[in-house]
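Q: Take a look at this one; I'll ask things after.
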Amino acid sequence: MENKRNYVIDFDSTFTQVEALDILGEISLNGDKNKSEKLEELKSLTDRGMEGGLSFRESLVQRLKLLNAKKEHLQPLIDTLKTRISTSFVRNEAFFIENKEDIYIISNGFKEFIIPIVQELGLKADHVFANDFVFDEADNIISFNKDNVLSSNNGKVEQLKSMDLQGDVYVIGDGYTDYEIKAAGLANKFYAFTENVERDSVLQKADHITPSLDEFLYMHKMNKAISYPKNRIKVMLLENIHPDALKMLKNEGYNVSIYTGAMDEEELSEKIKDVSVLGIRSKTQLTKKVLDNANRLIAVGAFCIGTNQIDLEECLKKGVAVFNAPYSNTRSVVELAIGEIILLMRNLPDKISKMHDGNWDKSASNSFEIRGKKLGIVGYGNIGSQLSILAEAIGFDVYYYDLVEKLALGNATKCNSLEELLKNSDIVSLHVDGRKENKDLISEKQFKQMKKGVIFLNLSRGHVVEIEALQQNIESGKVRGAGIDVFPEEPKTNNDTFQSPLRNLPNVILTPHIGGSTEEAQVNIGNFVPGKIIDYINTGGTTNSVNFPNLQLPILENAHRLIHIHLNRPGIIAKINKILAAHDINIVGQYLKTNETIGYVITDIDKAYNTEVVKELKKIEHTIKFRVLY
Ligand SMILES: NC(=O)c1ccc[n+]([C@@H]2O[C@H](COP(=O)([O-])OP(=O)(O)OC[C@H]3O[C@@H](n4cnc5c(N)ncnc54)[C@H](O)[C@@H]3O)[C@@H](O)[C@H]2O)c1
């Protein structure tokens with residue numbers, strides 16, 4: 001017979017996402033002019049206590065002194081904590097309700113706020129073992145009950161000893177004191193819970209690292225909240241991807257690991273073996289060799305705009321969907337373009353540089369307002385069209401030219417040819433894509449068509465402009481000012497020198513391909529890409545995938561969804577349906593989209609499937625990947 005199981009769970013940063021005393025500090029120190037320094041100190045004391053660097057009691061004494069808290073601060077603290085219960089705990093409420101007799105919260109925090117929070121998930125007040133505050137007559141929190149064993153240095157161990165739990169004991173927590181229970185021989189296993197914080201010294205001591213409660217429940221065959229184990233979905237993020245992305249993917253219950261740098265082909269080929277989702281930026285090359293090792297890979301997130309670093313066709317052949325963030329930095333590029341146009345119209349690059357050399361050159365000659373000037377936008381895509389709107393709002397007269405038919409926004413005027421646009425515009429700004437036909441789109445012939453004294457901007461792609469032609473036209477004065485962010489050859493790293501014939505020319509702004517590089521764009525990318533990946537995993541939806549046929553799918557209720565990816569050959573959908581019919585399975589919805597390489601079929605069925613059906617579907621000739629969603 002299986003042993004009875006007892007679950008000992010920590011509170012701060014495990015049951016909740018935060019340290020309660022940090023939040024109490026936010027509340028009690030409101031109005032204190034040294035609030036931010038005190039909060040920093042509070043955090044450092046907490047961490048040192050957690051990691052074992054400072055004795056627990058000493059850390060507590062010092063923290064309470066700093067807090068200067070009162071009884072009236074406790075209710076707002078409780079209200080905040082209720083909203084900050086760990087996501088995987090909330091998701092698995094059923095586990096708490098069903099096992100409440102065997103779950104104990106053992107914490108060095110305080111009962112006054114722990115009990116109301118754990119009761120939210122159905123736990124029992126008398127299963128909470130924690131400290132208690134001592135108040136003075138004016139309801140100030142002045143100390144803690146020193147007789148409570150949990151206020152002493154080895155408190156959790158002593159508490160467990162006195163409880164004498166029968167059966168197996170599993171400890172889940174993020175702190176060193178949680179590990180100490182196991183070290184004292186009072187628990188079978190210690191699970192380091194990393195959903196909210198990761199402490200190296202604690203991870204080293206853990207029997208298992210548990211990125212979410214789902215992982216723990218899965219290991220003990222108790223997961224109910226999700227019908228397929230999301231925690232088995234291993235996500236690997238490289239190249240310092242924004243923390244928002246990490247948070248979103250962790251909140252979904254995936255098992256996420258992060259690396260700050262890129263990996264070379266060899267290392268990646270090794271590390272990718274058990275990875276389901278890979279997140280990269282522009283430095284990691286996802287080659288055929290790497291993909292040949294990626295047996296579990298289902299999706300790649302390119303946390304950037306370009307996808308040249310990824311062998312998209314090979315991904316397709318292996319049934320790996322690739323997502324990127326094509327629009328996340330459009331606004332950033334547009335703002336820079338507008339800023340540069342204004343600077344160039346006022347001849348500011350030269351004026352600024354003269355000032356730095358000590359030369360005072362006060363004059364209005366050759367300085368112009370942008371109001372009423374003709375801005376010619378070449379390429380009316382995401383960036384071009386947004387520039388059109390913003391530019392018009394500040395007084396430009398906007399013209400645009402695009403290869404494909406595009407509706408004019410606002411009062412913009414469409415040009416029927418590039419030549420027409422170039423002849424008319426006071427300012428020419430390029431926003432075309434990087435297709436190879438666009439090489440040298442602007443060369444001597446096009447500069448000839450432009451007005452004398454034109455302002456010229458390229459924030460699109462380097463090879464679109466013939467750089468020597470631009471150089472000559474700046475030198476001749478035909479181009480009165482230029483803003484260039486992209487170059488035919490760009491340094492590979494920040495340590496390489498930038499070589500270009502455009503250096504040191506008059507009234508020229510040169511920038512190191514940073515048109516889209518802003519903090520906001522990084523946040524947008526960090527949110528956009530995980531959203532697409534989560535949607536793909538949860539519904540099979542491929543909207544905006546770079547390589548997969550794009551399908552937008554409804555969220556399913558009371559049905560099962562089968563996802564079949566195959567080489568694009570005739571008759572496969574008929575084979576799928578034949579197998580389902582043979583098993584008397586009714587199809588409630590079916591979606592198909594193909595491209596030249598693959599076919600992507602989603603079939604929703606209203607009846608439980610058995611392993612036999614799944615086996616047969618997988619066996620269909622030309623199947624690349626098969627996945628059951630619910
Ligand atoms: N500087 C940066 O940091 C930065 C950041 C983001 C994007 N970009 C670049 O900006 C450019 C525009 O990006 P986007 O998101 O707006 O792209 P997009 O694909 O939405 O728009 C490009 C538009 O250009 C049109 N086009 C292509 N070739 C043309 C041609 N020869 N003549 C006229 N129109 C043509 C297309 O039809 C399309 O409408 C891209 O080259 C992109 O790589 C640069």
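The values are calculated or read from the model by the stated rules, or taken from the named source; none is laboratory data. Small disclaimer: the values here were computed from a predicted structure and weren't measured. Here the Cβ positions follow ideal geometry from the backbone for every residue, glycine too, while neighbour counts run over all protein chains shown.
Q: Within the stretch 315-335, take every residue that is surrounded by fewer than 22 Cβ atoms within 10 Å (Cβ to Cβ) and assigned to a helix (DSSP H, G or I) and give me the one that is farthest from the ligand (Cβ to nearest atom).
A: Among residues in the stretch 315-335 that are surrounded by fewer than 22 Cβ atoms within 10 Å (Cβ to Cβ) and assigned to a helix (DSSP H, G or I), the one farthest from the ligand (Cβ to nearest atom) is Lys317.
Q: What residue, among those in the stretch 14-38 that are surrounded by 20 or more Cβ atoms within 10 Å (Cβ to Cβ) and not polar (S, T, N, Q), is farthest from Lys247 (Cα to Cα)?
A: Selected residue: Leu29.
Q: Can you find even one residue in the stretch 374-381 that is away from the ligand (no atom under 14 Å from the Cβ) and over 21 Å from Val465 (Cβ atoms)?
A: No, there is no match, as no residue in the stretch 374-381 is away from the ligand (no atom under 14 Å from the Cβ) and over 21 Å from Val465 (Cβ atoms).
Q: Taking the criterion of being over 22 Å from Gly52 (Cβ atoms) and surrounded by 15 or more Cβ atoms within 10 Å (Cβ to Cβ), would at least one residue in the stretch 175-185 satisfy it?
A: No.
Q: Restricting attention to the stretch 413-443, which residues are buried (at least 24 other Cβ atoms within 10 Å of the Cβ) and more than 13 Å from the ligand (Cβ to nearest atom)?
A: Across the stretch 413-443, the qualifying residues are Ser425, Ile427.
Q: Going by the conditions given, is Met345 without any contact (Cβ under 8 Å) to a residue 40 or more places away in the chain and not basic (Lys, Arg)?
A: No; evaluated as a whole, the condition is false for this residue.
Q: In a loop (DSSP other than H, G, I, E, B), in the same structural domain as Ile338 (by the TED database) and within 36 Å of the chain's Cα centre (by Cα), is that true of Phe487?
A: yes
Q: Within the stretch 339-361, is even one residue within 16 Å of the ligand (Cβ to nearest atom), assigned to a helix (DSSP H, G or I) and surrounded by fewer than 18 Cβ atoms within 10 Å (Cβ to Cβ)?
A: Checked against the condition, which is being within 16 Å of the ligand (Cβ to nearest atom), assigned to a helix (DSSP H, G or I) and surrounded by fewer than 18 Cβ atoms within 10 Å (Cβ to Cβ), the stretch 339-361 yields at least one hit.
Q: Tell me the residue from Ile305, Ile370 that is assigned to a loop (DSSP other than H, G, I, E, B), surrounded by fewer than 21 Cβ atoms within 10 Å (Cβ to Cβ) and in contact with a Ser or Thr (Cβ under 9 Å, 6 or more places away or on another chain), please.
A: The conditions single out Ile305.
Q: What residue, among those in the stretch 186-216 that are in a strand (DSSP E or B) and buried (at least 23 other Cβ atoms within 10 Å of the Cβ), is farthest from the chain's Cα centre (by Cα)?
A: Only one residue tops the list, namely Phe190.
Q: Among what's in the stretch 506-548 and is among the hydrophobic types (A, V, I, L, M, F, W, C) and in contact with a strand residue (DSSP E or B) (Cβ under 6 Å, 6 or more places away or on another chain), pick the residue that is farthest from the ligand (Cβ to nearest atom).
A: The residue in question is Ile533.
Q: Another question, if that's okay. Kindly list, by first and then second residue, each pair from a residue in the stretch 321-337 that is closer than 30 Å to Arg296 by Cβ to a residue that is of a type in the set (Ser, Thr, Tyr), limited to pairs with Cβ atoms under 6 Å and residues at least 6 apart or on different chains.
A: Ala321/Tyr536; Ala321/Thr542; Ala321/Ser545; Phe323/Ser545; Asn324/Thr307
Q: Tally time: how many residues in the stretch 400-412 are within 12 Å of the ligand (Cβ to nearest atom) and among the aliphatic types (A, V, I, L, M)?
A: 3
Q: Could you please give the count of residues in the stretch 39-92 that are part of a loop (DSSP other than H, G, I, E, B) and either of a type in the set (A, V, I, L, M, F, W, C) or exposed (fewer than 15 other Cβ atoms within 10 Å of the Cβ) (or both)?
A: Here the count works out to 5.
Q: So which of Asn495, Asn504 is in a loop (DSSP other than H, G, I, E, B), of a type in the set (S, T, N, Q), under 30 Å from Ile370 (Cβ atoms) and without any contact (Cβ under 8 Å) to a residue 12 or more places away in the chain?
A: Of Asn495, Asn504, the one residue that is in a loop (DSSP other than H, G, I, E, B), of a type in the set (S, T, N, Q), under 30 Å from Ile370 (Cβ atoms) and without any contact (Cβ under 8 Å) to a residue 12 or more places away in the chain is Asn504.
Q: Condition first: farther than 23 Å from Ile338 by Cβ and either in the same structural domain as His560 (by the TED database) or hydrophobic (A, V, I, L, M, F, W, C) (or both). Can you find one or more residues in the stretch 523-532 that meet it?
A: yes
Q: Do we find a residue being in contact (Cβ under 8 Å) with a residue 24 or more places away in the chain and farther than 27 Å from Pro506 by Cβ anywhere in the stretch 458-465?
A: Checked against the condition, which is being in contact (Cβ under 8 Å) with a residue 24 or more places away in the chain and farther than 27 Å from Pro506 by Cβ, the stretch 458-465 yields no hits at all.
Q: With the condition kept exactly as written, say whether any residue in the stretch 84-103 is among the aliphatic types (A, V, I, L, M) and without any contact (Cβ under 8 Å) to a residue 24 or more places away in the chain.
A: The answer is no, given that none of the residues of the stretch 84-103 is among the aliphatic types (A, V, I, L, M) and without any contact (Cβ under 8 Å) to a residue 24 or more places away in the chain.
Q: Which numbered condition trips up Asp361, out of (1) at pLDDT 95 or above; (2) in contact with a helix residue (DSSP H, G or I) (Cβ under 9 Å, 6 or more places away or on another chain); (3) over 27 Å from Glu519 (Cβ atoms)?
A: Only one criterion in (1) at pLDDT 95 or above; (2) in contact with a helix residue (DSSP H, G or I) (Cβ under 9 Å, 6 or more places away or on another chain); (3) over 27 Å from Glu519 (Cβ atoms) is unmet by Asp361, namely (1).
Q: Let me ask something additional. If we keep just the residues of the stretch 444-481 that are exposed (fewer than 15 other Cβ atoms within 10 Å of the Cβ) and among the acidic types (Asp, Glu), which is nearest to the ligand (Cβ to nearest atom)?
A: This residue is Glu444.
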